[in-house]
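Values quoted throughout were computed directly from the atomic coordinates according to the rules given, and no laboratory measurement underlies them. Since the structure is predicted, the reported quantities are computational estimates derived from the model, not experimental observations. Because the Cβ atoms are built from the backbone with ideal geometry, glycine has one as well, and the counts that use them run over all protein chains shown.
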């Protein structure tokens, strides 16, 4: 028997002492309603990767991001965590890549950090959240950023975060359980119905957790688009536009998440994601075991092989 194909993990996180301290100083003790902050080290992460059969992990800071209310501090924190990720990659060049975190909703600061991270640090893309202080990604204030990222043909990793008024919605439950999945759908709908996806076709968007609720909502979105409009009149249909985005399988890919995504949008742009370190190592190992135990995409292919090929194509293909 041949050895299993090593995975490429596009959805992996880190924290630093300085980042957690900055969040706590802003009053964030229970991020997104979670019990507390995880810990992370490169050594622990590499050990998990070896056990799970993951060749490379692309690091980013997860929700709640780097902006806690002050533009200047957000710019400094983004520079700090992006420099840290670049240093980790330099120490482990075969094992880690990274997506640069941006100090949104400060667009000017985000443009400066984009140029620094992509040109000086060699980041593989940028990470944004589904909304930034209540401003979703189709908001016109973000247009200069999308124009620059489109010019560069950049990878944009879209990570979910808490929606506005989250406390009223969740009754104390952790927001990653449900709200992250709905906020991914909200962000994608905003990108589509405000025409961002069609205006900036060279951006390579990655949505997480199998697109969240999108596979079940795409037909409904198309119905309402036909009734009330949304985006350019000559734009492709909702399913076609969503099928042109990229998706990771972080969370609970089987038995239902990946089959729903596959039925809606296919698997040509499906990627692997672990969500470590916010997902504990034991849960990541259980997740990769479920990927290997699931019915595979064909008699001659595996989910490992398919997602790794897709990842290679994502990071090497000309986005034109």
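Here are a few things to note about the model shown:
- Exposure proxy ranking for 62, 41, 274, based on other Cβ atoms within 10 angstrom of each Cβ and starting from the fewest, stands as 41, 62, 274.
- Relative to the current alpha-carbon distance between residue 3 and residue 228, full extension at 0.36 nm per residue lengthens the span by 75.8 nm.
- Modelled FRET efficiency - R0 41 Å, residue 29 with residue 285, Cβ distances, 0.05 increments: 0.90
- Solvent-free Debye scattering, log10 I(q)/I(0), computed from the Cα coordinates of segment 60-203 at q = 0.10, 0.12, 0.14, 0.20 Å⁻¹: -0.34, -0.48, -0.66, -1.24
- GNM top mover of 132, 45, 92 - the chain, alpha-carbon springs below 10 Å: 92
- Values of log10 I(q)/I(0), in the order q = 0.13 Å⁻¹, for segment 7-316 under a Debye, Cα-only, solvent-free model: -0.91
- Residue order, fewest to most surrounding Cβ atoms within 10 angstrom, among 49, 177: 177, 49
- Residues of segment 181-195 falling in the label zone of residue 165, defined by backbone nitrogen less than 20 Å from a point 7 Å along Cα to beta-carbon, are 181-190.
- Residue order, fewest to most beta carbons within 10 Å, for 165, 159: 165, 159
- Adding -39500 (n - 2.57) for every DSSP H run of four residues or longer, then dividing by how many residues the chain holds, sets the calculated 222 nm ellipticity at -13500 deg cm²/dmol.
- Taking all Cα pairs closer than 8 Å and separated by 6 or more residues, the relative contact order of segment 7-316 comes to 19 percent.
- Label-point gap, in nm, between residue 301 and residue 111 - each point 7 angstrom along Cα→Cβ: 4.1
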